[in-house]
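Input: a single structure, listed below in structure tokens.
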Amino acid sequence: MTVLGSRSKKSSKLGKAMPAVTKYVVPPLVAIAVILVIWQLIFSGPDANLPGPITVLQETWDPLIIDPFFDYGGTNKGLGLQILASLGRVAIGFSLAAIVGIALGILVGISPFVYRALDPLFQVLRTVPPLAWLPLSLAALQQSDPSAIFVIFITAIWPIIINTTVGVQQIPQDYRNVAKVLRLSGPKFFWKILLPSAVPYIFTGLRIGIGLSWLAIVAAEMLTGGVGIGFFIWDAYNSSRLSEIILALVYVGIVGLILDRLVAFVASKVVPEEQKG
Amino acid sequence: MQTLNTTALKRPEVLNGDPFLVIDNVSKIYPTPTGPYTVLDGINLTVYEGEFICLIGHSGCGKSTLLDMVSGFRKPSEGEVRLQTKRITEPGPDRMVVFQNYSLLPWLSAFENVYLGIDSVYPNKPKAEKVAIANEHLAMVGLADAANKRPRELSGGMKQRVSIARALALRPKVLVLDEPFGALDPITREELQEELLKIWSDHQVTVLMITHDIDEALFLADRLVMMTNGPAANIGEIMNIPFPRPRNRARIMEDPEYYNLRNQALDFLYRRFAHADE
């Protein structure tokens with residue numbers, strides 16, 4: 001029924017058989033083109049503070065665009081390698097946050113006492129900006145790489161905890177009643193009712209978490225240095241290579257989008273069909 | 001209550017039995033900011049083994065609260081409910097509940113929903129036997145072919161069948177049904193009533209069922225418990241339904257007694273205890 005409904009709506013609004021390519025690809029391309037033209041017009045003068053798109057392309061074409069994986073030693077590496085380094089940190093920090101966050105979220109969701117004890121704490125801690133943790137973690141861990149990973153961890157964990165908790169708390173009373181009357185054991189309740197019921201919320205938390213991780217890693221790397229897209233941007237700024245910053249921002253945005261879609265894709269495979277909104 | 005047709009027409013096994021399920025002077029009182037609120041006030045009801053009891057009453061009269069105390073989801077504020085002289089304190093598989101909204105787990109197939117209960121209640125039975133029990137009860141409700149379907153692929157009537165299969169697979173002593181057919185269309189409802197009746201007589205299970213439908217109660221029940229309006233609701237009247245079993249819907253409806261009883265129940269619900277907003 002819904003298929004029929006949406007189809008008829010589509011045909012009445014947009015005419016018949018418009019291919020998906022025309023419908024979904026052309027409008028953003030037009031928008032990008034318009035933005036590029038405006039950008040070029042604004043920053044085309046000789047006194048412009050920022051490079052226009054053509055300048056950016058000219059200055060970054062060789063070697064940054066054509067070879068993302070060059071390695072001239074030190075931090076002088078292609079953008080692909082820089083991003084991989086950042087992604088590696090995100091992978092470790094985010095995975096740890098997912099494991100600890102889901103476990104803690106389930107615990108907090110199951111026990112009203114633990115909820116009352118910890119929730120106020122979580123609500124305060126989650127508002128602490130990611131970078132505010134960095135000095136502390138540098139002081140405690142003494143090394144830049146683990147510190148950056150800790151910042152990812154502590155940034156991503158709050159939405160994972162909070163969403164998992166909500167997911168456990170919202171298990172419908174009906175299912176809890178079924179569990180009671182069947183006297184389901186703890187593990188059975190966990191696998192057959194709690195987890196399937198909470199998994200959409202868990203993935204909402206993971207999706208917010210991965211987004212925040214990517215935001216945080218760029219900022220953290222600016223301060224910790226080393227190979228990584230964040231320090232690449234900072235280094236480029238210090239050497240006045242503004243075109244490289246702009247190129248890096250494009251890459252950061254695209255990778256962030258891919259990460260978000262990746263988690264959404266995993267969710268679409270894992271979340272029970274019946275649980276999809 | 002009229003005494004003209006009481007014990008003589010009860011089923012024989014009921015006549016001789018000891019009290020099976022006893023609701024003994026049960027009250028339910030909730031504290032509220034404006035003082036205690038009495039939902040049920042001093043309910044007494046004795047149910048015999050194998051009886052089919054229907055409860056009827058206007059919404060808000062505490063029928064569901066009463067059944068919740070039988071199934072163990074709530075505790076009486078005063079009095080107690082006993083099953084075979086044992087006080088009921090918590091839910092358990094000896095008092096299986098069939099909920100109005102089916103309460104099937106949507107991510108499990110019909111078979112898995114039934115199997116989950118069996119597996120939980122009989123953890124030590126061999127797997128093959130548990131599978132056989134699940135399949136047998138799905139077949140009993142006519143769903144052998146739909147065993148692998150998820151609840152969302154099933155109609156309302158089929159879902160309620162799965163729910164009944166899940167309950168009966170555990171061989172409960174009491175089957176508690178809270179308006180089980182309320183959400184179904186009339187034809188499906190009649191089909192399921194007949195199936196429930198057949199299952200009940202095959203299994204010899206004791207049934208407590210809430211309904212809003214007088215005809216449903218007259219077709220199914222041995223006794224119809226009519227509740228007064230809340231707050232502080234009580235049992236207003238208990239009607240014996242004398243029609244012989246196995247019952248045939250058409251034949252019952254030809255019986256002049258049917259309309260006599262029906263009018264009595266209607267009179268109770270819509271004149272003597274008419275709801276303010278109905």
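The values are calculated or read from the model by the stated rules, or taken from the named source; none is laboratory data. If you're wondering where the values come from, they're calculated on a predicted model, not measured in any experiment. Neighbour counts are summed over all protein chains in view; Cβ atoms, including those assigned to glycine, are modelled from backbone coordinates with ideal geometry. When the accessible area is computed, the model is the full protein with side chains, heavy atoms only, and any ligands, DNA or RNA have been set aside. Shrake-Rupley method; radii C 1.70, N 1.55, O 1.52, S 1.80 Å.
Return the average number of partner chain Cβ atoms within 10 angstrom of each residue Cβ along peptide A:168-181.
So the per-residue partner count for this stretch is 5.
Provide the solvent-accessible area of A:Leu259, counting protein heavy atoms only and rolling a 1.4 Å probe, rounded to the nearest 10 Å².
For A:Leu259, the solvent-accessible surface is approximately 30 Å².
Please work out how much length the chain gains when fully extended from A:Asp71 to A:Leu136, using 0.36 nm per residue of separation minus the C-alpha to C-alpha distance, in nm with one decimal.
Full extension from A:Asp71 to A:Leu136 adds 20.2 nm.
Interface A/B, total buried accessible area with a 1.4 Å probe, nearest 100 Å²?
The summed interface area works out to 2000 Å².
Rounded, prolate or oblate: which fits chain A when a ≥ b ≥ c are the square roots of the eigenvalues of the alpha-carbon gyration tensor, with rounded for a/c under 1.5 and prolate only if a/b beats b/c? Intermediate values should be presented prior to the final figure.
On the way: a/c = 2.81, a/b = 1.35, b/c = 2.08.
Oblate, because a/c is 1.5 or more while a/b does not exceed b/c.
Longest segment of chain A with no trypsin sites (Lys or Arg not before Pro) in a DSSP loop having at most 12 other Cβ atoms within 10 Å?
The longest such stretch corresponds to A:17-275.
What percent antiparallel are the DSSP beta bridges of the protein assembly as shown, to the nearest 5?
Roughly 55 percent of the beta bridges in the protein assembly as shown run antiparallel, per DSSP.
For chain A, what's the relative contact order in percent, using C-alpha pairs closer than 8 Å and at least 6 residues apart?
About 21 percent, as a whole number.
Where only protein heavy atoms count, and the probe is 1.4 Å, what is the accessible area per residue for the protein assembly as shown in Å²?
Accessible area per residue: 50 Å².
Pull up all non-local amide H partners of B:Met96: gap of 5 or more, or a different chain, and H-to-H distance under 5 Å with H placed in the peptide plane.
For B:Met96, the qualifying residues are B:Lys173, B:Val174, B:Val176.
Between B:His212 and A:Ala117, what is the FRET efficiency for a Förster distance of 51 Å, r being their Cβ-Cβ separation, to the nearest 0.05? Let's see the in-between values first.
Numbers: r = 45 Å, r/R0 = 0.88.
E between B:His212 and A:Ala117, to the nearest 0.05, is 0.70.
Out of A:Tyr24, B:Gly182, B:Ile29, whose Cα points farthest toward the positive end of the dipole of the protein assembly as shown (charges: +1 Lys, Arg; -1 Asp, Glu; placed on Cβ)?
A:Tyr24
Calculate how many DSSP beta bridges within region B:128-278 are antiparallel, expressed in % of all such bridges and rounded to the nearest 5.
Beta bridges within region B:128-278, antiparallel portion: roughly 50 percent.
Given H placed on each backbone N at 1.01 Å, which residues far from B:Ala233 in sequence or on other chains put an amide H within less than 5 Å of it?
Hits under the 5 Å cutoff: B:Leu40, B:Asp41.
So what are the ³J(HN,Hα) numbers for region A:160-176, from phi and the Karplus equation (6.51, -1.76, 1.60; θ = phi - 60°), rounded to whole Hz, Gly and Pro as x?
5, 4, 5, 5, 4, 4, 4, x, 6, 5, 8, 3, x, 4, 4, 5, 5
Specify which residue in the list A:Ser197, A:Ala179, A:Ala219 is farthest towards the positive end of the charge dipole of region A:168-239, using unit charges on the beta carbon of Lys, Arg (+1) and Asp, Glu (-1), about the Cα centre.
Of the options given, the answer is A:Ala179.
What average number of partner chain Cβ atoms lie no more than 10 Å from the Cβ of the residues making up B:99-109?
Averaged over the peptide's residues, the number is 5.
Multiply the residue gap between B:Tyr30 and B:Asp18 by 0.36 nm, knock off their C-alpha separation, and tell me the result in nm, one decimal place.
Full-extension gain reported as 1.0 nm.
Take the Cβ-Cβ distance between A:Phe190 and B:Tyr37 as r, set R0 to 45 Å, and report the resulting FRET efficiency rounded to the nearest 0.05.
For R0 = 45 Å, the calculated efficiency reads 0.80.
List for region B:156-174: residues with 20 Å² or greater reduction in accessible area, all protein chains versus chain alone, probe 1.4 Å?
At a threshold of 20 Å² (probe 1.4 Å), the residues of region B:156-174 that become less exposed are B:Arg166.
For B:Glu237, B:Glu257, what's the largest-to-smallest order of accessible area, 1.4 Å probe?
So the residues, ranked largest to smallest area, are B:Glu257, B:Glu237.
Could you report the accessible area of A:Asp260 in Å², rounded to 10, computed with a 1.4 Å probe on the protein chains as they sit in the structure?
40
Starting at the first residue of region A:140-157, write each ³J(HN,Hα) from the Karplus equation 6.51 cos²θ - 1.76 cosθ + 1.60 with θ = phi - 60°, in whole Hz, x for Gly and Pro.
Going residue by residue, I get 7, 9, 6, 10, 6, 5, x, 5, 4, 5, 5, 4, 4, 4, 6, 7, 7, 6 Hz, with x marking Gly and Pro.
Given +1 on the Cβ of Lys and Arg, -1 on the Cβ of Asp and Glu, and no further charges, what dipole in debye does the protein assembly as shown carry about its Cα centre, rounded to the nearest 20?
Working: 51 positive and 50 negative charges, 74 e Å.
Taking the Cα centre of the protein assembly as shown as origin, the dipole is about 360 debye.
Mind giving me the nanometre distance, one decimal, between the label points for B:Thr46 and A:Ala20, set 7 Å out from Cα along Cα→Cβ?
7.1
Given an 8 Å cut-off on Cα distances and at least 6 residues of separation, report the relative contact order of chain B as a percent.
That works out to 24 percent.
In nm, give the distance between the simple-model label positions of A:Leu29 and B:Tyr270, each being 7 Å from the Cα along the Cα-to-Cβ direction.
Label-label distance for A:Leu29 and B:Tyr270, simple model: 6.9 nm.
Check which residues have an amide H placed less than 5 Å from B:Phe52's amide H, if you skip close sequence neighbours.
Amide H to amide H, under 5 Å and 5 or more residues apart or across chains, B:Phe52 pairs with B:Val207, B:Asp222, B:Arg223.
How far apart, in nanometres, would the label points at B:Arg74 and A:Arg261 be if each is projected 7 angstrom from Cα along the Cα-to-Cβ direction?
5.3
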